[in-house]
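Contents: one structure, followed by commentary.
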Amino acid sequence: MPAASRYPEAYAAWTRDPETFWAEAARAIDWVRPARTVFDPGAGVYGRWFVGGEVNACHNAVDRHVAGGRGDQAAILYESPVTGSRRRITYAALRDEVAALAAVLQDLGVGRGDRVVLYMPMVPEAITGMLACARIGAVHSVVFGGFAAKELAARIEDAAPKVVLAASCGIEPGRTIAYKPLLDEACRLSAHRPDACLILQRPQAPASLVEGRDRDWAEAVATARAAGRAAPCVPVSATDPLYVLYTSGTTGKPKGVVRDTGGYLVALAWSMPNLYGVAPGETYWCASDVGWVVGHSYIVYGPLLHGCTTVLYEGKPVGTPDAGAFWRVIAETGAVTLFTAPTALRAVRKEDPEARLMRGHDLSAFRSLFLAGERADPDTVAWAEAVLGVPVIDHWWQTETGWPIAANPVGLGALPVKHGSPTVPMPGWDVQVLDEAGKPLGPDRMGTLAVRLPLPPGALPTLWRQDARFRESYLATYPGYYNTSDAGFLDRDGYVYVMGRTDDIINVAGHRLSTGGMEEVLASHPGVAECAVIGIRDALKGEAPCGFVVLKAGVERGPGEIERELVALVRERIGPVAAFKLALTVGRLPKTRSGKILRGTMKKIADREPWTVPPTIDDAAVLEEIEASLRERGLA
Ligand code: COA
Ligand code: AMP
């Protein structure tokens, strides 16, 4: 460990006295009223942070920077290769736009604690929409644009928003996706109907508006601005939710992860200088999507809280127009860091293994590359280090945690990198490896990664209106711990290794998906008797879903036809982001004598890993049939 790193000192300070540690970190935030108690162990499910404090997230992310002299600095640099446009939005312009939109929301009846769902592509209005909610104490819930109407409906039903903010379309390379019909369908499917929808008309596919419900976003904001309307920031309790973000659970019903306001602001504000090593005024680029937690924390709130310029990128790592896009944007925006998913780098490397497209771009200001969302395979990390010549930092986190559990804190001084490890737990996170009985395991022993309670500021206090589901999903298996549902180990130096999920979640191109949810869709097809979905290894996307189906007796249509229908059905019900392209008809599914499907063994076969016949299997020949059908498709 180089003497230069202040990490051991910071982690020890937190261990010694967590409340003092977080009270000091809380100084980076403007409070309307300071917290009465830094941590109240008796509040909420496992305690609450900054109880009694009052704060406003939008004030901290926007207004205070204008007041502090950053009004002319770019808050957002919007880079949109898919539309061929770019915009520079200053902090002062952002404040005015957000305050006007917040007034429009108030006119639509939205107040403190009300929910607003956003269904938006990567356009600046997605950020103004989130901040406008935060400004008036409303709770935003952003739904990723790659999700289908049914998924959007499930979120609308659960969050029960007064208003939906949506764009008329999203743009994927080579095609425009009309969002409005998906929104209309979602409103039809949901038992809850929003009072109003504010629609951002994009010239690529303007939408027709539903009389009485839909309003034109630009018109409404322009009218508010012409009338001099500007909503002030409304103080909220530190423990009030800033947002609800739905993520895949083990069933088709997504989990509404609640993010409290005060703790989140404190944790993000701590992470910007100490973990990411960026200073106010610098440009920070996170190439994720506002629909994911990474986008919430490090496209929107983190960089803006810290007075940075955030890059909002509406494009892909490859194909918009080529694998040099990342390098061009870094050079043109002056970004000092990039945060992306390993899958994006694999895509770039595949197209441009020598990184020839990097030539001619001035990357001299660029200091570090951060990776998250899935395991960073050592090969990809080594490639990125070689072509970029800067530290490549893997870090581990989840929608639930809001910010990284483990990382290499470059701001405190980087620790030596070990490929395959996201380095060490951050202050706030007491990471343990537990065996099945919940007993902590020693170094190098594989088990479930769990975090000793309480979770730090910024992590979820509960699930939206579902304390019982929160307890059952995360706290019940190992009393006193939060179960990450990731498997892994700690080495002798305390480095964390995250090897994969212990549940049915898979990670497809950095997108978190539930195989259980896909199984529900396959099972709803009238020709399907039984099914199992597993994630199989994919060189580009990390994992790709593969569905095995047993058809009902007497089904007359050929398996090929039904397989095509199943692929279309998952796309229609879950969305293109599920990337479900492979359905295989088999005669039987391998099961234990008690009827449990042997998904783990099926995965090993598909991944070409050594596998053995489990002693509990009902009929071992089924596994050979599975292997044969995979081989037929060139997959095993
Ligand atoms: N709206 C609508 N559709 C979307 C979408 C969105 N916001 N995002 C993705 N999709 C669609 C894609 O167009 C694609 O459709 P297709 O089946 O018709 O081709 C499908 O969903 C699957 O998308 P994806 O898995 O992203 O694959 P891809 O082939 O388009 O791109 C990568 C592959 C690796 C370039 C891309 O996945 C990527 O950049 N991943 C990084 C993800 C990331 O940053 N995650 C955040 C965690 S940090
Ligand atoms: P999400 O909630 O979408 O952020 O996905 C969280 C899951 O992604 C985690 O539980 C892990 O399984 C996986 N993940 C995220 N970051 C990493 C990482 N750095 N290394 C290994 N797995 C990761």
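Convert each backbone phi in the range 262-272 into a coupling constant with the Karplus relation 6.51 cos²θ - 1.76 cosθ + 1.60 (shift: θ = phi - 60°), then list the ³J(HN,Hα) values in order as whole Hz, x for Gly and Pro.
These are the phi-based 3J(HN,Hα) values: x, x, 5, 4, 5, 5, 5, 5, 5, 5, 4 Hz.
With the Cα gyration tensor of the range 1-119 in hand, convert its eigenvalues to equivalent ellipsoid semi-axes via √(5λ) and list them largest first in whole Å.
Working: eigenvalues 225, 114, 45 Å².
In descending order the semi-axes read 34, 24, 15 Å.
Obtain the radius of gyration and the Kirkwood radius of the chain from its C-alpha atoms and give Rg over Rh. Spell out each step's value before the answer.
Values: Rg = 24.1 Å, Rh = 25.3 Å.
Rg/Rh: 0.95.
Around LEU371, under 12 Å between beta carbons, what's the net of Lys plus Arg minus Asp minus Glu among the other residues? Intermediate results must be reported in sequence, preceding the final value.
Details: positive: ARG346, ARG375; negative: GLU374, ASP377, GLU385, ASP394.
Taking every Cβ under 12 Å from that of LEU371, the sum is -2.
So for LYS255, LYS316, LYS596, fewest C-beta neighbours within 10 Å to most, what's the order?
On the way: LYS255 25, LYS316 19, LYS596 12.
Ranking LYS255, LYS316, LYS596 by Cβ neighbours within 10 Å, fewest first, gives LYS596, LYS316, LYS255.
Taking the mean number of other Cβ atoms within 10 Å as a proxy for protection, how do you rank 235-243, 438-446, 170-178 from highest to lowest? Write out the running numbers ahead of the final one.
Working: 235-243: 23.9, 438-446: 12.6, 170-178: 15.7.
The most tightly packed comes first, giving 235-243, 170-178, 438-446.
Output wanted: per-residue J couplings in Hz (rounded whole) for the range 329-345, from phi through Karplus 6.51 cos²θ - 1.76 cosθ + 1.60, θ = phi - 60°, x for Gly and Pro.
5, 4, 5, 6, 9, x, 4, 8, 9, 10, 10, 8, 9, x, 4, 5, 5
Kindly put LEU189, LEU182 in sequence by how many other C-beta atoms sit within 10 Å of each C-beta, fewest to most. Let's see the in-between values first.
Values: LEU189 14, LEU182 24.
If I rank by nearby Cβ atoms, fewest first, I get LEU189, LEU182.
Applying the Karplus parametrisation 6.51 cos²θ - 1.76 cosθ + 1.60 with θ = phi - 60° to the phi angles of the range 522-537, what ³J(HN,Hα) value in whole Hz is obtained for each residue in order, glycine and proline being reported as x?
Running phi through 6.51 cos²θ - 1.76 cosθ + 1.60 with θ = phi - 60° gives 4, 5, 7, 6, x, x, 9, 8, 8, 7, 8, 10, 10, x, 10, 4 Hz.
When a footprinting reagent is the concern and you count Cβ atoms within 10 Å, what order do THR247, THR261 take, fewest first?
Details: THR247 19, THR261 26.
Arranged by neighbour count, lowest to highest, THR247, THR261 become THR247, THR261.
How fast does the range 511-632 diffuse by Stokes-Einstein, in µm²/s, taking the Kirkwood radius from C-alpha pairs at 10 °C and 1.306 mPa s?
Working: Rh = 14.7 Å.
D, rounded to a whole number, is 108 µm²/s.
Give me, ordered by chain and number, the residues 5 or more places off CYS197 or on other chains with an amide H under 5 Å from its own placed amide H.
VAL164, ASP214, ARG215
Which cross-chain or sequence-distant (5 or more) residues have an amide H under 5 Å from the amide H of GLN398, H modelled 1.01 Å from N in plane?
Those lying under 5 Å, H to H, from GLN398 are TRP403, ILE405.
What stretch of the chain, leaving out the sites themselves, is the longest with no GluC sites (Glu not before Pro) in a DSSP loop having at most 13 other Cβ atoms within 10 Å?
Details: sites that count: GLU211, GLU354, GLU436, GLU556.
Free of exposed loop sites, the longest segment is 1-210.
Restricting to the range 511-632, compute how many DSSP beta bridges are antiparallel as a %, nearest 5. Could the numbers behind the result be given before it?
Working: 12 of 16 bridges.
That works out to approximately 75 percent antiparallel.
Straight-line reach from LYS418: which lysines have a Cα under 27 Å away, not including same-chain ones fewer than 8 places off?
Leaving aside lysines fewer than 8 places away in the same chain, those within reach of LYS418 are LYS350, LYS439, LYS541, LYS604.
Where both residues lie in the chain, what percent of DSSP beta bridges are antiparallel, nearest 5? It would help to have the intermediate numbers written out before the result.
Working: 59 of 98 bridges.
DSSP beta bridges in the chain are roughly 60 percent antiparallel.
Please state the relative contact order of the chain as a whole percent: Cα pairs under 8 Å, 6+ residues apart?
Details: 1413 pairs, mean separation 75.7, N = 636.
Relative contact order of the chain: 12 percent.
Summing -39500 (n - 2.57) over the DSSP H runs of n ≥ 4 in the chain and dividing by its residue number, what mean residue ellipticity at 222 nm do you reach, to the nearest 500 deg cm²/dmol?
Values: 17 runs with 175 residues, N = 636.
Dividing the helical sum by the residues of the chain leaves -8000 deg cm²/dmol.
For the range 358-503, build the convex hull from the C-alpha positions and give me its volume per residue in Å³. Don't skip to the answer; put the middle values down first.
Numbers: hull volume 18.6 nm³, N = 146.
Here the figure is 127 Å³ per residue.
Since every read-out is calculated from the coordinates, none of them should be taken as a lab result. Values in this document were obtained by computation on a predicted structure and should not be read as measured data. When we count neighbours, we look across all protein chains shown, and the Cβ atoms used for this are built from the backbone with ideal geometry, even at glycine.
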